[in-house]
Amino acid sequence: MEYRELGKTGLKVSRVGFGGLPLQRVDAAETKKIVKSLLDTGVNFIDTARAYSVSEGFLGEALEGVREKFVLATKSMARTKEEMERDIDISLKNLRTGYIDLYQVHNPNMEQLEAVMAEGGALEALEEARRAGKIGHIGVTAHSPKVFEKALTLPWVETIMFPYNVVERQGEEYIRLCQEKNIGFIAMKPMAGGNVENGSLAVRFILQNPAVTVAIPGMAAVSEVEENAAAADDHAPFSEREKEEMAALEKELGTQFCRRCNYCAPCTAGIAIPNVFLFAGYLRRYDLAAWSKSRYDSQAVKADACMDCGACEERCPYHLPIREMLKQAHTALEAVGKDEK
Ligand code: SF4
Ligand code: SF4
């Protein structure tokens, strides 16, 4: 396994890390096996989130006695100081540790990023926690290129996490700037939210970009850890067949795949369009039915509120048939649990 310095943090991380979201569909016993396989394969970076329900807790249990062998990262959607203080303490308790290496501001939009940095904002709590030795470093995760661009200019940002994969290359220029500014770059959604099925090829594609510090595929099985770790060690150039496979993927997904850039906003009816596609994608690809459904149910406005005005489609740079996709997503998400009733 190859290791890289995670930007300004100076932490040494394996080029493939562990994305903890899919732990929601396994149990504590399986998580222990997965953590053991991380040790066996040399994967030393673990990323989870307050928002991934049981993920932090399962990891905390599995990390008993081996926590020091890992660089541990988590994140919170808290935007105020008070909320962030509370979340950091919950993360520490869940992860059964006195110290988290990297704590990230989870996916803020531009306004939320400002709120995080304002007086009484979450950044104050993060900086205090760092001074108190509860956390080591501070980062940001984003889906919006605007937030990525802004984060590159903020001196407190030590790492940035952003989607990067065969079909989502919109961050490439900013990823290059991360390297220039010595900000650690963490590639999330290496499989494009489960849309890229050849996991090995997906990981190799990302890691051939030298500006990527670490890619964090979500994993929920020992076999996935082994496959991704092997892919990180495979430095062979792409064969013609693999190049064709990637080109075909780009073509196929390009017309139906939401990159969560949010350029389609604001929706006239108030639908959070990329969220709907995210939940439907996780339902379809990862079989995270309960998680997807509960997230969808918590949306203030559901997809069936679409008024068919078409404004979003005019703004989508990828020309996605948003209205049709929303209908399909709504039908799939509303069907969850119906069979059991
Ligand atoms: S077409 Fe539907 S989803 Fe798109 S902006 Fe109009 S109301 Fe919103
Ligand atoms: S629907 Fe289009 S504009 Fe909206 S977030 Fe997805 S890719 Fe971006």
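The values are calculated or read from the model by the stated rules, or taken from the named source; none is laboratory data. Values in this document were obtained by computation on a predicted structure and should not be read as measured data. So basically every Cβ, Gly included, is an ideal-geometry build from the backbone, and we count neighbours across all protein chains shown. In case anyone asks, the SASA skips ligands and DNA or RNA and just uses the protein heavy atoms, side chains included. Shrake-Rupley method; radii C 1.70, N 1.55, O 1.52, S 1.80 Å.
Per-residue 3J(HN,Hα) values for region 202-208, derived from phi via the Karplus relation 6.51 cos²θ - 1.76 cosθ + 1.60 with θ = phi - 60°, read 4, 5, 4, 4, 5, 6, 6 Hz in sequence order (x marks Gly and Pro). Could you tell me which residue out of PHE205, PHE238, THR255 lies farthest along the dipole of region 194-259 toward its positive end? Charges go on the beta carbon: Lys and Arg +1, Asp and Glu -1, centred on the Cα centre. Most positive-ward Cα: THR255. With the simple model of a label 7 Å out from the Cα in the direction of the Cβ, ALA115 to SER239 spans 5.1 nm.
In Å², what does the accessible area per residue of region 3-239 work out to with a 1.4 Å probe? It would help to have the intermediate numbers written out before the result.
Details: 8730 Å² over 237 residues.
Each residue of region 3-239 exposes 37 Å² on average to a 1.4 Å probe.
Once you reduce region 209-226 and region 148-198 to the center of their Cα atoms, the two points are 14 Å from each other. Overall, the anisotropy analysis places the chain in the rounded class: the square-rooted eigenvalues a ≥ b ≥ c of its C-alpha gyration tensor yield a/c less than 1.5.
Tell me the carbon and sulfur percent of the accessible area for region 238-294, rounded to whole percent, probe radius 1.4 Å. Its accessible area is 54 percent carbon and sulfur atoms. Looking at region 162-233, the GluC sites (Glu not before Pro) that sit in a DSSP loop and have at most 14 other Cβ atoms within 10 Å of their own Cβ are GLU197.
For ASP89 and TRP156, calculate 0.36 nm times their separation in residues minus their Cα-Cα distance, and state this gained length in nm to one decimal.
On the way: separation 67, 0.36 × 67 = 24.12 nm, distance 2.08 nm.
The span from ASP89 to TRP156 would gain 22.0 nm if fully extended.
Bridging of LYS251 to aspartates and glutamates at a Cα separation below 16 Å is possible for GLU168, GLU197, GLU242, once same-chain residues fewer than 8 apart are set aside.
In this structure region 273-340 gives 54 Å² per residue of accessible area when probed at 1.4 Å with all protein chains present. Figure note: LYS8, LYS189 ranked by solvent-accessible area, largest first, 1.4 Å probe, ligands and nucleic acids not counted: LYS8, LYS189.
Ordering 120-127, 206-213 by mean Cβ neighbour count within 10 Å, with the highest value first, yields 120-127, 206-213. For a 32 Å ceiling on Cα separation, which of these pairs sit above it: LYS8/LYS81; LYS81/LYS150; LYS12/LYS293? Pairs exceeding the cut-off: LYS12/LYS293. Computed 3J(HN,Hα) for region 152-165, one whole-Hz value per residue from the Karplus formula 6.51 cos²θ - 1.76 cosθ + 1.60 where θ = phi - 60°, is 4, 9, 9, x, 7, 7, 9, 9, 10, 10, 8, x, 7, 6, glycine and proline marked x. Near GLN104, the amide H atoms lying under 5 Å from its own belong to THR74, LYS75, SER76, GLY139; only residues 5 or more places off or on other chains count, and H is placed 1.01 Å from N. Each residue of region 87-98 is assigned a 3J(HN,Hα), and the resulting list reads 5, 4, 5, 5, 4, 4, 5, 4, 7, 6, 9, x Hz, derived from the Karplus form 6.51 cos²θ - 1.76 cosθ + 1.60 (θ = phi - 60°), x at Gly and Pro.
Expressed as a rounded percentage, what relative contact order does the chain have, with Cα pairs under 8 Å and six or more residues apart?
Numbers: 644 pairs, mean separation 54.9, N = 341.
Rounded, it is 16 percent for the chain.
Neighbours of TYR174 by Cβ distance under 13 Å: Lys/Arg scored +1, Asp/Glu scored -1, total 0.
Distance from the alpha carbon centroid of region 45-82 to that of region 241-261 works out to 32 angstrom.
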